[in-house]
Each structure stands twice: as C-alpha cells, then as structure tokens.
1. Could you run the Debye sum over the Cα atoms of the chain, one equal point scatterer each and no solvent, and tell me log10 of I(q)/I(0) at q = 0.07, 0.08, 0.11 Å⁻¹, two decimals?
2. Using alpha carbons only, what's the Rg to Rh ratio of the range 50-106 with Rh from Kirkwood?
3. Can you tell me the relative contact order of the chain? Whole percent, Cα pairs under 8 Å, sequence separation 6 or more.
4. Send over the Kirkwood Rh of the range 1-100, from the inverse of the averaged 1/r over different Cα pairs, rounded to one decimal Å.
5. Ratio to report: Rg/Rh of the range 67-179, with Cα atoms as the point set and Rh obtained by the Kirkwood method; give two decimals.
6. Principal axis extents for the range 193-275, Cα atoms only, whole Å, descending order, please.
7. Using 7 Å Cα-to-Cβ label points, what is the residue 115/residue 14 separation (nm, one decimal)?
8. What are the radius of gyration and Dmax of the range 141-264, computed over its Cα atoms and given in Å?
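Here, each number is a calculation from the coordinates, and none is a lab measurement. Computed from a prediction, not measured in an experiment: that's the story for all the values here. Using ideal geometry, Cβ is built from the backbone for each residue, glycine included, and neighbour counts are taken over all protein chains shown.
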Ligand code: ARG
C-alpha cells in the first residue's frame, strides 16, 4: 500500500492573464472578452485564503501572458507515488493546441521548485491530468474520464506507468467534458456524481466504488457543484448557489465552505480545476 494522500500543500496559478480568448468547451461560448479581471483576482484570492485557513501552504505559479487557461492548474500535471515510493509528476498532453504550452510551464515549476522528476505518457494520446484522472481517496486506484479531452488509450499507458489500476469512465455530455466536473470523491466511500454525464456501465462502476454516491442535480452540476475540492476528507470547498448538493453533503457529515468562482465558470472551471494538491 502506498497511499497518495495526505496532501500537504496546494499549488495555484496566478490569474493575472486569465481570460476567455478562444472557445474549447460549451461554457466558454459567448464569454470571449467577458471576464472581469479585478473580480477574478478577488475570487482567486478567496480560494487561496480558504486553503491557508485549512492549514495548507499555498504555492503560486507565475502568470504567463497568452496562456489564459494556465490558472486551471488541475490540468497540466498529475503527481503520483511510484511503487518504489518516489514521487513523480506525469505531464499532460493537452487536447487543445492553445493549452499545450502550459504543460512545460508546470514541468519547469516542479523541477525547479520541488526538484521533482516529471515524466510523459508519449505524444500519441491526449491526457488532461486531474481534469480527468482522480485518485480514489485512501486507495491505490485512479478513476479516469475519457472521450472529450483525455483519450481512452492514455488510460492503459497511465496504468502501466504507475502500476495502478485505472477505472475507465466514458464521458457522454459535452457540458461535462472533464471528469472533475461530474465526479467528486469526498472520502473512501463517498462521492458526488452527475449521473447524466456517464454511461450506465460507468455509473455501475462508480456505485460499486463509492457505496455512498451523492447525486448532483443537473442544474447544480451546471453551476459546478461537482467541481469542489475535499482535500482532507472533512471540508468541502465548492461554488456557492448549490443548495440541494450542499444539503446532501452536509447530511453526509462534511463541513461546507462556499465560494464564488463566477468569472472562472465562464471558462468552464471552478474550485477543483483551479487547485493542485501536492504531497
Ligand atoms: N477553459 C478551460 C478548458 O476548457 C477550463 C478547464 C477546466 N478545468 C477542469 N479541470 N475542468 O480547458
């Protein structure tokens, strides 16, 4: 057993150049040029303060002009423990050419700031890291979405590389093109699930893996209710305005922290997308 948690710090990316300048998911439609940067900055600061309040050290990647999605720091890298106990960082292959330069920025950060080894999956198949690949809390298991961003063959490559079983979950609703918008593990038995985003087969796999699956209503999923982060198995940090989901999560015993990420939602991301937990 080589548990992937607990996480000790958080990596965020400075939103100075955050913007919507192209459209690569349905949420970005009609949002080009529509970002309130000062508001985005204050929403981002509230996320950073929340993690500090939970006791995490917050690291920040410097902004890069021309990379408006760099702020979605869940997508470029996938930290993992190898069978020999060493930590490595798997580099993404971003589906969109516009986002590909982000991967090198993150790799450089890990190598210079953490002396981490980064490894690639090869160039053949897209892989968007924690956007699509989520560790099962407390277990040696990865749930991986495929179809819109990550391509299915990448799952086998990832599994072979890390020597970890990967559960393959086909995504079928373009509004939820990353797994982290429709599956949110809270602890070893509990996860938020947006049922409409999966096939019947995928749902059966999820119900088997998480006996306490909490259904997220579709309208709240569109408000990024499933893109929260539960870094410690107790606190759930999530976009505000999702009363049904919040009530269900609270009833399951978690403490809610609700934030506003409205500017980032215009680009298709919220709390989880903007966070990278680090060992
Ligand atoms: N605009 C970004 C994209 O479409 C949003 C990324 C959201 N990130 C996530 N992990 N779901 O690539």
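1. One equal scatterer on each Cα of the chain leads to -0.21, -0.28, -0.55.
2. Ratio value, two decimals: 1.04.
3. With pairs under 8 Å counted, the relative contact order is 21 percent.
4. 15.5 Å
5. Values: Rg = 13.3 Å, Rh = 14.1 Å.
That ratio is 0.94, to two decimals.
6. 34, 28, 22
7. The answer from the label model is 2.6 nm.
8. Both quantities, over Cα of the range 141-264: 14.2, 41 Å.
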